[in-house]
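Inspection log for the structure reproduced underneath, given as structure tokens.
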Amino acid sequence: MGIQFNDETFHKDYTYRNSPAGIKRFPFPFPEDDYMYSVNIEPHVPGREGSVFEHTFDVDEHYVSEMRDRARVLADDPLRCQSLPHMTLAGWDLLELIMESKARDYPDMFQLTKNGDRWHWVNKPLGIDDTFTFLDETTLPYGPMEYITRQAQGDFTLQDQRDDNLWIEAGMVTSQADWSLDFDIGMSFHEWHAPVPLAGGMGIFDRALKFLLKLQYGAPVRRFNWTMTVDPLLDTSPENYHKWGPSKATLTPDTVGRRQHLRVELQTLYRLPRSNAIVFPIRCYLISFQDLVTVPKWGRRLHRVLQTLPEELAEYKGFARNRQMLTDWLAQYDDGSPTSPGWWAD
Amino acid sequence: MKMTTTKFEPSITTRPVYGILEPQQGSAHLMIADGEGAGAILDLFARAGQQGIDLRPSTHLIYVTAANGTDLSDELSRLGVAKFYHGPTLAAAMSRITKALTDASMGLQIYLAGTESLIGVAQSEAMKAGFPHDGMQTEHRGSLARRVQCVHCKGITENVKTDPYVCSHCGLSLYVRDHYSRRIAAFQGVNIDAEDPGQVPDMVEKFT
Ligand code: HEM
């Protein structure tokens, strides 16, 4: 197989690491030296070879360990995976999308053979070899959404579309930036976005919703979101906030490089064919500050972004208390020289 | 005692907003109220009277004493509606409410009045029975005490008046967000001293 999978952890001893190749392909999210919310949506078309955009669903060196972490989080809290009864068909749509994409993009690791409704699925990295009947739940060990998202990196939410709105009514959410599926399930687009500062008043959610209601099958789109996480913890859930919250207070200038991570979400949106629902995969990438500054452009730029970021955003993203420490640390890597436009390394 | 409609500070989009009960045309009327919500029901009947609408023969009124003890059941019993029930608490009345909602025929008009807890819980129950949330009339009267769900243990604490408050289930100190789930009929409570264990600010009476 083309990918060497890391054996690593996302909690307790935090052995998560990016390889040099992993650093090079990291999706640095800032095309400019400053940042503000915008309707940053572009077509999700295949990108540069080796980049996280090369394939529909990126599989990387963290795949196997991330799936182990998901199983651990689910065992502790099954409410992280929920699907309202009418969302099962959308779950099948998602299963088909992921299986077909992975089998096409990574034929050495994933294989899908269809014999009418009888599907044979092989997932070599996770050692899965299952035969089931498409659209028959009784032939799978879990519901279709849970079955396939236990085998796919990133969180997933499924939105039903009705009354000119989107309703978050199913999801697999174990690597979230501090929001609760259990609390938000059943909400409409503006409701689940209610806690976000400034963006509502800027008309961003009105425009984004209008755009998504017209999203076409076969024409997926993507956008980035980002935040900050101390230690490479995927499960920064509100449910467990009382457990991971203290880590923010123990960050010191000496440990910033190793412990502070930039957390980037590559979010994609697909219209699903049978259910007309929209799936929202939220893929999380983590990079330590010390790895990030090995790309000079990124170090310079992140310093400037964090310096000029509106305080409301630093508050909302949960790093206001450490903001000065982070910018002080990054200042060593900003010589003031100009940065080229776009997010690719120079 | 707040006998008039409550004024709310501007907030985020999930924070519920309420109106004023207006008489509707319909074959049947289900009214659910607690405490000071009785005032909204009395005003509703007065308004209906002025408009020449007689709601009484087709009204089922479910009224419970509020958590703060307010009980105006005597006034309501004198309205002379077809079905009147007075119960001690919302929890005690729940099975009746569920039955009234599931027995309902098309064209049922729903009116909810009183505390946020009562409106929220009744609305969530009606949504489960298939009524769209925006098809119901709501009017807030009385206490602003909140029903809050602890995001950590999922336990719901009724009648929260302070911010922060102590979760009645797991004992964590929680701050009360304006983020509200109609499905759970509760605001969200989040641990306030997660980052600095033990540093809990004083409780302030905020929801009275
Ligand atoms: C249907 C798909 C989407 C889902 C399920 C979704 C869900 C969410 C959730 C749960 C949050 C966290 C809110 C909280 O604090 O509780 C959030 C934040 C946000 N969302 Fe979305 N979202 C979607 C699409 C979009 C789109 C298309 C935009 C485009 C502009 C957008 C813009 C934002 C922004 C700006 C934030 C704040 C993020 C931050 O500062 O960290 N969302 N979204």
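The values are calculated or read from the model by the stated rules, or taken from the named source; none is laboratory data. Just so it is clear, the model here is predicted, and its values are computed rather than measured. Counting neighbours? That spans all protein chains shown, and the Cβs are built from the backbone with ideal geometry, glycine included. Just so you know, the surface numbers come from the protein's heavy atoms only, side chains and all, with ligands and any DNA or RNA stripped out. Shrake-Rupley method; radii C 1.70, N 1.55, O 1.52, S 1.80 Å.
Overview of results
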{"quantity": "Filtered residue count, the range B:185-208, keeping only those that are touching a Phe, Trp or Tyr at 6+ places or on another chain (Cβ under 8 Å) and facing another protein chain (nearest Cβ under 7 Å)", "calculated": "4"}
{"quantity": "Hits in the range B:73-103 (condition: farther than 27 Å from B:Pro132 by Cα and within 16 Å of the chain's Cα centre (by Cα))", "calculated": "B:Pro88"}
{"quantity": "So A:Glu312, is it at pLDDT 95 or above and within 14 Å of chain B (Cβ to nearest Cβ)", "calculated": "yes"}
{"quantity": "Leading residue by the ranking (farthest from the ligand (Cβ to nearest atom)) among those in the range A:200-233 that are polar (S, T, N, Q) and closer than 26 Å to A:Arg263 by Cα", "calculated": "A:Thr229"}
{"quantity": "Sole residue being within 11 Å of the ligand (Cβ to nearest atom), closer than 26 Å to A:Pro78 by Cα and of a type in the set (Ser, Thr, Tyr), chosen from A:Tyr270, A:Tyr285, A:Tyr241", "calculated": "A:Tyr270"}
{"quantity": "Enumeration of residues in the range A:17-56 that are open to solvent by 50 Å² or more (accessible area, probe 1.4 Å) and more than 21 Å from A:Leu215 (Cα to Cα)", "calculated": "A:Arg17, A:Pro20, A:Ala21, A:Lys24, A:Arg25, A:Pro31, A:Glu32, A:Asp34, A:Met36, A:Arg48, A:Glu49, A:Glu54"}
{"quantity": "Residue identified as among the hydroxyl-bearing types (Ser, Thr, Tyr), surrounded by fewer than 21 Cβ atoms within 10 Å (Cβ to Cβ) and under 19 Å from the mean Cα position of the chain (by Cα) among A:Thr227, A:Thr250, A:Thr236", "calculated": "A:Thr227"}
{"quantity": "Which listed residue, of A:Val64, A:Val59, is in a helix (DSSP H, G or I), away from the ligand (no atom under 16 Å from the Cβ) and over 30 Å from A:Ala199 (Cβ atoms)", "calculated": "A:Val64"}
{"quantity": "Helices (runs of 4 or more DSSP H) wholly inside the range A:97-211 containing at least 1 residues that are within 14 Å of chain B (Cβ to nearest Cβ) and crowded, with 22+ Cβ neighbours inside 10 Å", "calculated": "A:181-184, A:189-192"}
{"quantity": "Search result, residues across the range B:131-159 that are hydroxyl-bearing (Ser, Thr, Tyr) and without any contact (Cβ under 8 Å) to a residue 12 or more places away in the chain", "calculated": "none"}
{"quantity": "Positions within the range B:133-168 being within 14 Å of chain A (Cβ to nearest Cβ) and open to solvent by 20 Å² or more (accessible area, probe 1.4 Å), in sequence order", "calculated": "B:His133, B:Asp134, B:Gly135, B:Arg147, B:His152, B:Cys153, B:Lys154, B:Ile156, B:Val166"}
{"quantity": "Count of the range B:169-184 residues which are within 11 Å of another protein chain (Cβ to nearest Cβ), out of contact with any Cys (no Cβ under 9 Å at 6 or more places or on another chain) and open to solvent by 50 Å² or more (accessible area, probe 1.4 Å)", "calculated": "4"}
{"quantity": "Out of A:Glu61, A:Glu8, sole residue that is in contact with a Phe, Trp or Tyr (Cβ under 9 Å, 6 or more places away or on another chain), open to solvent by 20 Å² or more (accessible area, probe 1.4 Å) and modelled with pLDDT of 95 or more", "calculated": "A:Glu61"}
{"quantity": "A:Glu315 vs. criteria open to solvent by less than 20 Å² (accessible area, probe 1.4 Å) and in contact (Cβ under 8 Å) with a residue 24 or more places away in the chain", "calculated": "no"}
{"quantity": "Among the residues listed as A:Asp69, A:Asp76, A:Asp33, the single one being farther than 25 Å from A:Gln176 by Cβ and not basic (Lys, Arg)", "calculated": "A:Asp33"}
{"quantity": "Residue match in the range B:50-62 (condition: surrounded by fewer than 18 Cβ atoms within 10 Å (Cβ to Cβ) and touching a Ser or Thr at 6+ places or on another chain (Cβ under 8 Å))", "calculated": "yes"}
{"quantity": "Residues that are closer than 20 Å to A:Leu234 by Cβ and within 8 Å of the ligand (Cβ to nearest atom), drawn from the range A:182-196", "calculated": "A:Asp184"}
